[in-house]
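Trainee: Here you go, one structure.
The values are calculated or read from the model by the stated rules, or taken from the named source; none is laboratory data. Here the structure is a predicted model, which means the values were calculated and not measured. Cβ coordinates were reconstructed from backbone atoms using ideal geometry, including for glycine residues, and neighbour counts include every protein chain displayed. Protein only, heavy atoms only, side chains kept; ligands, DNA and RNA dropped before computing areas. Shrake-Rupley method; radii C 1.70, N 1.55, O 1.52, S 1.80 Å.
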Amino acid sequence: MTVANEQITDSSSTKRLSNFRVTVERLLELLDLEDDEYGILRPTEYAFKTAMKLIVEAYDVLGNDFPKASTSTDDAGSIRLAWQNKNADCRVRLFCPSNADAQTYVYHQKNEEYKSEDLISASTLVHWLEWFNISVAIASTTGTQTEFPICL
């Protein structure tokens, strides 16, 4: 990855770059999980490669605006990345299935409105992460939740 060699020039750049690094580190930590009586905890190679490819491509577009995500797996080895801000009552989730037979998709929610859509390319993820960033920025500026359209 190109992140390790990137020059950091100021504190805001450091913060945003660390959001991407934290997300990548969280993805890598999933590889250390063990299986248990409920199923596979470690992600499949397919899910991991899909997630990593999508977030790297999204970072290539978003750069320092890439938001930090939490990560988890399910009992089939699929990966979920979640971006959430309670102040903005806004969330984006990326689902990367355990195999190519299932569809990768992105879920987005603002207040009570929500929708999911199949992810054909990283540009869809980028669109919803930009939407997430705008929603969070508006909420932090006004200090309140705003009515920002969910379906742009």
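Trainee: Select, from LYS49, LYS68, the only residue that is within 18 Å of PHE95 (Cα to Cα) and free of Cβ contacts under 8 Å to residues at least 12 places away in the same chain.
Mentor: Step by step, each of LYS49, LYS68 is checked, and only LYS49 is within 18 Å of PHE95 (Cα to Cα) and free of Cβ contacts under 8 Å to residues at least 12 places away in the same chain.
Trainee: What pairs can you find where one residue is in region 102-122 and within 12 Å of THR50 (Cα to Cα), the other is among the aromatic types (Phe, Trp, Tyr), and their Cβ atoms are less than 8 Å apart, with a gap of 6+ or different chains?
Mentor: Going by the 8 Å Cβ cut-off, the qualifying pairs are THR104/PHE95; TYR105/PHE95; LEU119/TYR105.
Trainee: Can you find even one residue in region 106-115 that is touching a Phe, Trp or Tyr at 6+ places or on another chain (Cβ under 8 Å), modelled with pLDDT of 95 or more and within 30 Å of GLU37 (Cβ to Cβ)?
Mentor: Yes, that holds for at least one residue.
Trainee: Got a number for residues in region 111-136 being surrounded by 14 or more Cβ atoms within 10 Å (Cβ to Cβ) and either in contact with a Pro (Cβ under 8 Å, 6 or more places away or on another chain) or among the hydroxyl-bearing types (Ser, Thr, Tyr) (or both)?
Mentor: Looking only at that region, the number is 6.
Trainee: Please verify whether region 40-59 includes one or more residues that are aromatic (Phe, Trp, Tyr), closer than 30 Å to GLU113 by Cα and either at pLDDT below 95 or in a loop (DSSP other than H, G, I, E, B) (or both).
Mentor: No: region 40-59 contains no residue that is aromatic (Phe, Trp, Tyr), closer than 30 Å to GLU113 by Cα and either at pLDDT below 95 or in a loop (DSSP other than H, G, I, E, B) (or both).
Trainee: Filter region 75-101 for residues that are open to solvent by 50 Å² or more (accessible area, probe 1.4 Å) and within 21 Å of GLU57 (Cα to Cα); which is nearest to the chain's Cα centre (by Cα)?
Mentor: For region 75-101, the residue satisfying everything is ARG93.
Trainee: What are the residues in region 79-95 that are over 12 Å from THR50 (Cα atoms) and in a strand (DSSP E or B), if any?
Mentor: ALA82, TRP83, GLN84, ASN85, CYS90, ARG91, VAL92, ARG93
Trainee: Now for a separate question. Sort through VAL136, VAL126 and tell me the only one that's in a helix (DSSP H, G or I), of a type in the set (Val, Ile, Thr) and at pLDDT 95 or above.
Mentor: None of the others qualify; the one that does is VAL126.
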